[in-house]
Structures are given as structure tokens and as C-alpha cells.
Amino acid sequence: MSIQLSGASLPEFAVIRYPGLVKDVNKMLCTLGGVTKVSQALEGDTKRLELRYHYENPFNKSVYGEINKRAGLLLSIKVRRSKKDRSKPPQYKVDILGCTNTGFTFESMCDFQYLPLLPDNENKRELKMMMHSIMPQSVIDLDFFNRTEVPLITVPTVFARYDNVHNNIFRGDFSKEDGQHEVLGVCQKSSYENRDIVPFSTIDSFPARPDPQIIKRMKVKYVSDEQFEKVKKLFEECPVWTRIALLYESGISNDKLKCIIPSMAYYFSTGPWRTMYVRYGYDPRKDFSSRYYQTFDFRLRFRSGIAEFVSDRKTSIKKRQKNPYEINTLVQDIDYPYFDEHKLPRSRQCILRYCDIRMPKIQEMLEKIPSPLAGATCNERTGWLPSGFDSQVRQIVCNVIKDLLKNHYRKEHIHAELESCENTGQEAEDDDGAVSDEGGPDDFMNDDNIEEILDDMQIEADEIN
């Protein structure tokens, strides 16, 4: 049997699951900060309810209760048993006192309490609270500041990094190859530090092989042999890659690729190949052809026109997640690692290799760079490229972007002129009932008229420039 109840007629209560045995309600409310603090927490002014077991002690570590939305009923159950005949079954009376929608639960960890306790002078085995010795009793307590003997009590403020309990699964490393990984106190490196991060130098040597622990870490991450061979083949074809190009060409997820890359390549943090992954054993300082793989850092300034189409990478990813089927043919895809001269850049800042710029003019400039003399070394800042080469390439790319924007707005202007002409012709047809031979829309919008509009727009663009 089910009974449907209406919660509108029932009084509403709030549940506080107090972590303790309550003998005095007033003292319990004092530990919660009083009725005022509880009301503020329920009204939403504060997100958590603070509990201090020693509310008069400022050194007491607080425990916080999180608010949660849970529906419930407050029941009053009375059991009547017969004193004369114990064999009779008890009688139950259930009354619904109200409903509950919100409540506080104290699931956080109660930290160690370091209180100002000192041994008692009379009884050394007992500890005595020394609050009056380290804190003034009132504002006008001048005797407190005139004392000469003050007990030294240094109580730390925090003893745990987190309030909640975390489940940690400890796993032993059974390798015996490198002893420093088995020493107690050596913390495991983060995912960013697992790879070899190398600052560029013209003197120091670069890593030739990866750390053996990285190879074993791939087995833990369940990296398949097929995924490993895909990335290995890419590094055999080209010794220097960007991360976004590896993601695009391999088709492997970012989590798997972060485990594979440190086993094959080291990472340049500075220099001409900054933010590039270089294959172990390959030294770009000794190979003149490595100029194709140098870093080209291209950044757009958001002026009128470009900001309508190109934004930063995070904003572009959010837009794609919000509208996955919206495609802009004028802008390159956010995951596309190359630059084509027929589309705008994928984001406001693009980290590319010079070989990723698919423009014949720039590739021809790279080819015409004269070979260095025997024994020559690359520059610490410009690498194998001459001084000012990056500025020339940047200017060429900017001019291509300007032409793309001009052509785009020119086409929009033409479409607007066409629509206005069609609307004018339609209105004339509605007014006259027929289209004349001289003023019809088909005769007006011929190839000659479109060429005239393009010529007028070209004249306007030349005047603006």
C-alpha cells in the first residue's frame, strides 16, 4: 500500500548530522557558531558550516560540513508494549512531523588538535590549559603586557594539506637498474618532468637515449605496439616534430602520446627549436637541413576584421564543443598543424616549423639559403637561418592574411549588392505585373555588371590603402 503525501502542507526542517553525542543543545549550537551562523549557511551566504569543538579556543582546528540536497521525512515513531502480557506484539504509531530538503554532513577529516597545554605546577602528570597565559583576558588587561615570564607555545596553524580523506594505492617498483628511484624520500616526477627538457646550448651535449623507467611506464599505461610503431615511424621520417603535428599525423589520443613521446624524443625549452620534440641521437646543430624544423612563432594582433574569425585556442575548442557541426571554411581547423595560404590561421598564436608553412615562396627562400662553411656552427638565437629571416616570413604571412580578408569582405559586398538588386527587381515585377526588357533583373545582373562592382570595390580599396 502506498500513500501519496503533499509536502506543501508539512513544515520544512534542515538536517545537521552532528559528529558527536549531543547532551546539551545550547553547547552544541555554540560549537556551530550559534543560530546566526547556521541560518547564514542555510540561506546560502556561506557554502560550509563550521564546527569548533572548543569554540572559545582560537587554536582549535575547525571541521567543515558540506551542504547537500536530500529529500527526507522527519518521523515520530512510538512503540507500545504490554507490560502484563509480553507475548503480545508491540503496537507502532507513526506520525510525520515534517520534510527535509537540505542538510549538512561532516565528512571531512578532523585534524590533529595542538592545544596550548602545559604541565601543572602542582601535579606534573596533569596538563593544564594555559589560555590565560598566552592571551589577554580583555582589552584593558595591561598586566598581560607587563609580564616578564611568558611560556613559549608555538602552535602551527595547519597540519594537513587536505580536509577530505583520499584513497592512495601504493605500488612498488621492482626494478633494480637505477638505485635512485628506490631511495625513500625521492618523489615521483610529474608527467611534465618525465620527459627530458633540454635548454638549447651550443656547447653542451644532448640526450642520446631515454630513461629506462619511461619504457616501463608505457606498459603501465597500456600503450599498444601499434601505437608505439606509428609514432616511431613518424620520428624515422622526420627527426623534429611539434606536439600538435604528432597528434594529427598519428591519430593517437593525447594521453597515450604523452607516454610515448618521452621514450623517443627530448624537448627543447629554449633556442631556435623551442617547444619542439627532437629524436634521441639527433643533433640539429650538426645538420644544416634542420633549418626546416626551426620554430616559427606566429602571433596575430586582434584588430578589426581578424577577431571575427580567429580567437585563442581555448576559446576555439569551447566553440567547437558547443557547436560541433559549425564549420568555418575561411579558418583552418583547430587541430590542423600546418598553415595554408588559402585559409586563416587556426588560432591567435601558432607554433609551427618552417616546413609546416605550405607556401611555395617561403619554401623557396629556405632552399636559397647558402650552405655554411665547413666547421661552422649554428647561431644560438637564429639557428641556421640568417638574421631577420623570421621577420620576412612573418611579413609575407601577414600580407597573405590581409589579402584573404579583403577577398572575403569583397565577396560579401558583392553578395549584398546582388541581393539588393534582386529585391529591387522583384519589387518592380510586383508593381508592374511583368518585367520589361530594359529593367529586368536578369538583364541587370549579367557578367559585365559584376565586373563593374569588382572594379569599383578595387578602386575603393586602393584609395583606402
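The values are calculated or read from the model by the stated rules, or taken from the named source; none is laboratory data. Keep in mind the model is a prediction, meaning the values are calculated, not measured. Every residue, glycine as well, gets a Cβ built from its backbone with ideal geometry; the counts of neighbours run over all protein chains shown. Just so you know, the surface numbers come from the protein's heavy atoms only, side chains and all, with ligands and any DNA or RNA stripped out. Shrake-Rupley method; radii C 1.70, N 1.55, O 1.52, S 1.80 Å.
Data for the structure
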{"read-out": "Residues (among the charged types (D, E, K, R) and over 26 Å from Val198 (Cα atoms)) located in the stretch 362-387", "value": "Glu364, Glu367, Lys368"}
{"read-out": "One residue from Phe104, Phe144 being in a helix (DSSP H, G or I), touching a helix residue (DSSP H, G or I) at 6+ places or on another chain (Cβ under 9 Å) and surrounded by 10 or more Cβ atoms within 10 Å (Cβ to Cβ)", "value": "Phe144"}
{"read-out": "Subset of the stretch 346-363 [assigned to a loop (DSSP other than H, G, I, E, B) and either at pLDDT 85 or above or open to solvent by 80 Å² or more (accessible area, probe 1.4 Å) (or both)]", "value": "Arg348, Met359"}
{"read-out": "Sole residue being modelled with pLDDT under 90 and among the aromatic types (Phe, Trp, Tyr), chosen from Phe389, Phe444", "value": "Phe444"}
{"read-out": "Residues within the stretch 95-128 that are out of contact with any Asp or Glu (no Cβ under 8 Å at 6 or more places or on another chain), more than 30 Å from Ser39 (Cβ to Cβ) and of a type in the set (A, V, I, L, M, F, W, C), tallied", "value": "3"}
{"read-out": "Some residue of the stretch 107-116 being at pLDDT 85 or above, out of contact with any helix residue (DSSP H, G or I) (no Cβ under 8 Å at 6 or more places or on another chain) and either of a type in the set (Gly, Ala, Ser) or surrounded by 14 or more Cβ atoms within 10 Å (Cβ to Cβ) (or both)", "value": "no"}
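Each row is one residue, and each column tells you yes or no for (1) of a type outside the set (Lys, Arg); (2) part of a loop (DSSP other than H, G, I, E, B); (3) loosely packed, with under 11 Cβ neighbours inside 10 Å; (4) free of Cβ contacts under 8 Å to residues at least 12 places away in the same chain.
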| residue | (1), (2), (3), (4) |
| --- | --- |
| Phe206 | yes, yes, no, no |
| Pro210 | yes, yes, no, no |
| Gln213 | yes, no, no, no |
| Lys216 | no, no, no, no |
| Val223 | yes, yes, no, no |
| Glu226 | yes, no, yes, yes |
| Lys232 | no, no, no, no |
| Ala245 | yes, no, no, no |
| Glu249 | yes, no, no, no |
